Amino acid sequence: MDRDMIIELIVGLFMLAGIAALVVLAFRVSNISDHVSTDGYVIKANFDNVGDLKPRAAVKLAGVKIGRVIDVQLDTKAYKAVAKLWISNDAAALPTDTSASIYTAGILGANYVGLIPGFDEAVLKDGDKIEITHPALILENLIGHLLFKTEAK
Amino acid sequence: MRRNIVLELGHRGVHYGISLGRSGIFLWQTVIRWPQPTRSFPLLIQQIYSVGAMSLSIIMLSALFIGAVVALQGFNTLEKFSAEQELGQLLALSVVRELGPVVAALLYAGRSCSALTAEIGLMKATEQLDSLDMMGVDPLHFVVAPRFWAGFISLPMLVLVFDAMAIFGGYLIGVEWLGVDQGSFWNNMQSSVDFHIDVMSGFYKGVVFAIVTTWIAVYQGFAALPTAEGVGRATTRTVVYASLAVLGLDFILTAVMLGGW
């Protein structure tokens, strides 16, 4: 092999190293596998208070992640928060009387949406709305309640 | 006396303005000379080899140490809150967003940009550029453009390699040595690092740094005084300006990216 070919080979290997690093960063370090997952559908849920819920938060059923929050907005007429939830088609179909609550992972963890399935025969479809929701527990309110109760006694 | 200071300031201002404008024109003239596939492709390969592939070893070694140090420091702090399983997240975010592009660009400025300036400056001092011109070969096309494009291609690649190696270094220290649980290390990392937001923003930073540092390097070489001293000064200026440009631009880019781009 002459010198030019060796140089070309090394440059080729350099390029390969860069691309390999990109692949490692994509699939090992970051969550791109979330983005390329299968089809799903979007449902809405109105909450009195979403707490610290942010887009990309997990949607879980029985503790298993089945989707993610894609958008949180204010309904300006009802003064409620509207969360749009993306649910993977891989998950089981959800009955229409499914309820949604906002939980916190651990004490300081991020908020996520927990779904509890109901018993209805009909299932939620794309664009449907979850009627039964429970707002996020706000720690300050809880403490306030507690103080108020102990004072009243 | 006071008039002299004012004069001097004005003179310098005009001087810097002129050289900035000149370097802008120079950049434009270089950019439009994208290497033609058949004729100058070997030149480009040659330059990627010396600018990029030869920097691989220093980049990988530095990345390993940077990752190791971030893991060590992070572990010591996180341990106080018994949150050491968040080490993966801390390591990946700080490396991918900031340390990767910035440190890789600084190393690149020190290792490759200085060499580019010295090489082009010496070509000018020994009148090689003039001879090329006389032979009817455009030195911008033949000398400057391949080097510029080689830098443009190489630095983003180096940034990616740096990111991966630094995370590997942090993994070695965090998981293998300090005993952070392997599953939570990778899992926390994956759940908090977004490919489009975090990894790609670091990559774009690398692209911007590549353009600016290589531009500074080739321009300083091309505009160097054709003496031994002039080449030396131009090389110093390249490293100083390129490093400052990287750090300053990093602040601006971070502000833009975090401010909901």
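The values are calculated or read from the model by the stated rules, or taken from the named source; none is laboratory data. For clarity, every value in this text was computed on a predicted model and none was experimentally measured. Neighbour counts are summed over all protein chains in view; Cβ atoms, including those assigned to glycine, are modelled from backbone coordinates with ideal geometry.
Just one of A:ALA100, A:ALA91, A:ALA45 is touching a Gly at 6+ places or on another chain (Cβ under 8 Å) and over 30 Å from A:PHE27 (Cβ atoms); which is it?
Checking each option against the conditions leaves just A:ALA100.
Being farther than 18 Å from B:LEU158 by Cβ and facing chain B (nearest Cβ under 7 Å) is the filter here; which residues of the stretch A:5-27 pass it?
The first filter runs over the stretch A:5-27 and keeps only residues farther than 18 Å from B:LEU158 by Cβ, leaving A:5-6, A:8-9, A:27.
Answer for the stretch A:5-27, where residues must be farther than 18 Å from B:LEU158 by Cβ and facing chain B (nearest Cβ under 7 Å): just A:GLU8.
Restricting to the stretch B:79-88, what's the tally of residues that are under 14 Å from B:PHE185 (Cβ atoms), surrounded by fewer than 24 Cβ atoms within 10 Å (Cβ to Cβ) and either facing chain A (nearest Cβ under 10 Å) or modelled with pLDDT of 90 or more (or both)?
Qualifying residue count, the stretch B:79-88: 1.
Which one of the conditions (1) buried (at least 18 other Cβ atoms within 10 Å of the Cβ); (2) out of contact with any Phe, Trp or Tyr (no Cβ under 7 Å at 6 or more places or on another chain); (3) more than 12 Å from chain A (Cβ to nearest Cβ); (4) under 26 Å from A:ILE10 (Cα atoms) does B:PHE65 fail to meet, given that it meets all the rest?
With (1) buried (at least 18 other Cβ atoms within 10 Å of the Cβ); (2) out of contact with any Phe, Trp or Tyr (no Cβ under 7 Å at 6 or more places or on another chain); (3) more than 12 Å from chain A (Cβ to nearest Cβ); (4) under 26 Å from A:ILE10 (Cα atoms) applied to B:PHE65, the lone miss is (1).
Restricting the search to the stretch B:185-199, which residues are buried (at least 17 other Cβ atoms within 10 Å of the Cβ) and not aromatic (Phe, Trp, Tyr)?
Answer for the stretch B:185-199, where residues must be buried (at least 17 other Cβ atoms within 10 Å of the Cβ) and not aromatic (Phe, Trp, Tyr): B:ASN188, B:MET189, B:GLN190, B:SER191, B:SER192, B:VAL193, B:ASP194, B:ASP198, B:VAL199.
Tell me which of these B:GLY221 doesn't satisfy, since it passes every other one: (1) at pLDDT 90 or above; (2) under 30 Å from A:VAL59 (Cβ atoms).
(2)
Can you pull out the residues in the stretch B:166-191 that are more than 8 Å from chain A (Cβ to nearest Cβ) and either without any contact (Cβ under 8 Å) to a residue 60 or more places away in the chain or touching a Ser or Thr at 6+ places or on another chain (Cβ under 9 Å) (or both)?
Residues satisfying the conditions are B:ALA166, B:VAL175, B:GLU176, B:TRP177, B:GLY179, B:GLN182, B:GLY183.
Checking A:ILE70 against (1) within 25 Å of B:VAL199 (Cα to Cα); (2) buried (at least 17 other Cβ atoms within 10 Å of the Cβ); (3) free of Cβ contacts under 8 Å to residues at least 40 places away in the same chain; (4) more than 10 Å from chain B (Cβ to nearest Cβ), which test does it fail?
Of (1) within 25 Å of B:VAL199 (Cα to Cα); (2) buried (at least 17 other Cβ atoms within 10 Å of the Cβ); (3) free of Cβ contacts under 8 Å to residues at least 40 places away in the same chain; (4) more than 10 Å from chain B (Cβ to nearest Cβ), only one is false for A:ILE70: (2).
Identify the residue in the stretch B:89-119 that is buried (at least 24 other Cβ atoms within 10 Å of the Cβ) and over 30 Å from B:THR235 (Cβ atoms) and, among all such residues, is farthest from the other protein chains (Cβ to nearest Cβ).
The selected residue is B:LEU91.
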